[in-house]
Amino acid sequence: MHDRTPHAAAAARYPHQSPASGPLVDVSSPEGGPGQHGNTYVQGFGNLADPLAIDGFLRIQEGRVNQFLQVSDRRAEAQRSALQQAADRLSNIANNIGAIVNQWITHPSTNQGSDLSHGLQKAYKRLADVESQHLQLKLEHEAIKKQLQEANAKVDEAVKARDELRRLADGVNWTGSAKVSDQEIWSKWKQLEYNIRSLASVLAKCQTKVPSDKLTRTRLDEVSTAWRKLLVIDDYKNFLIGAYIWTIVESVFTTGRKFCSGGHDIDLKAMRAAFLESASEVDNPSRPGPTLRHVARWFAQGTALFGHFFGRDQHASRREARSEVDRLKLFCNITADKSGTDFHQEMKAILEAALDLDEMLMSSKAIFLVRWPQDGQSKTLQRFDANQMESLAHTNELSSKTIVRFFVSPMLIKIGNADGCNYDSEMTLCKATVACE
């Protein structure tokens, strides 16, 4: 019978565990140090001789294992709590991100951006349509422009043909009449005006007196009934004498008999004035007959014929200049003048300039009228009109209420044009010069 010692019994229960290999169960504490009963176990293990000792040992070990398991459970619980907190944080982060995304998706600006994108697409489509329409209109414009150019070319040809027929009908070639521009007439008028003003300036420096000659008095009365007072006022004397010289020149435009050979020109001017007063401005079916166009054309031709057959009296200008200077001596002390002015030559130049201008006016198919204030109106009670007048003397600022004291020179009115058309239109080619209060 075998000898069964406690070690032998233990070896039989744990065949792989030798006494030298150490304890079956880790007797260290859960914190990693040796258990408080480890030494007792080691020291007392060899004294175990019965099952009671083993059961006690097992109970001790079971308690230690339970204690270890409790510590493990606490650690696992702590880890689970930490994981749960981390999961909660991640969930909150995910929820926040989801809310932000949802807010961005549902934000009005997001929809507005979509609407803007849609609107932009529609705008691009409209732009494409507009560009297409623009191209179409451009092509149509080019076609219409070409048609207009062709039509204008046809109109120009028709106008040229009409003008040629009118030129042949008017007989321009054989009458010798020529078309004169408004600029040429205006320049000739201003030259005449300058010559008169220069002579008047020299005469105003001479000593003056009230004339006794009836014709001189009549002319001064035509200028202003207050000429006796104005003649002694230095500010107005110059302009008064200039207006007097204009009354001399006016006879050239109204009669001209003294300057035409044989005195025939007076009949022509008288007939012209009567015809112009009787003729209508334009063709009128209810009033058939010659119009201003016919009268102007006929007298333009007649002036050329008179000039060709009778011409100007070459001695008339010198003779009339001497006569008018002698009349000026009746109220201007010309003999005392020391400026060296040749008054006869100056007056002759003025009369010849007026005759040249009169020929230009009479030879034109436009109707020119040398006009003073309208009939029935006083020359001294008219108001200033900037459209028809130019002031040479005034004390206050000019306005429509300014009173005109007297006219220095007449105005030149133009009716129609040099082509023989538009006789229903009237313009002031040269303004009248006036002296105002």
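The numbers here are math on the coordinates, done by the rules we state, and not lab data. What you see is a predicted model; the values in this text were computed from it and never measured. All Cβ positions, even for glycine, are placed from backbone atoms using ideal geometry, and neighbour counts span all protein chains on display.
A few comments on the model shown:
- Rg and Dmax of region 121-255, Cα atoms only, in Å: 32.1, 99
- An ellipsoid equivalent to region 181-436, defined through the eigenvalues of its Cα gyration tensor, has semi-axes of 33, 24, 15 Å when rounded to whole angstrom and sorted largest first.
- DSSP-defined antiparallel bridges as percent of all bridges, region 181-436, nearest 5: 75 percent
- At 0.692 mPa s and 37 °C, Stokes diffusion of region 316-433 via Kirkwood alpha-carbon radius, µm² per second: 191 µm²/s
- Virtual paramagnetic centre 7 Å along Cα→Cβ of LEU330, amide N under 16 Å, in region 182-220: 208-220
- Convex hull volume per residue in cubic angstrom - Cα atoms of region 114-170: 54 Å³
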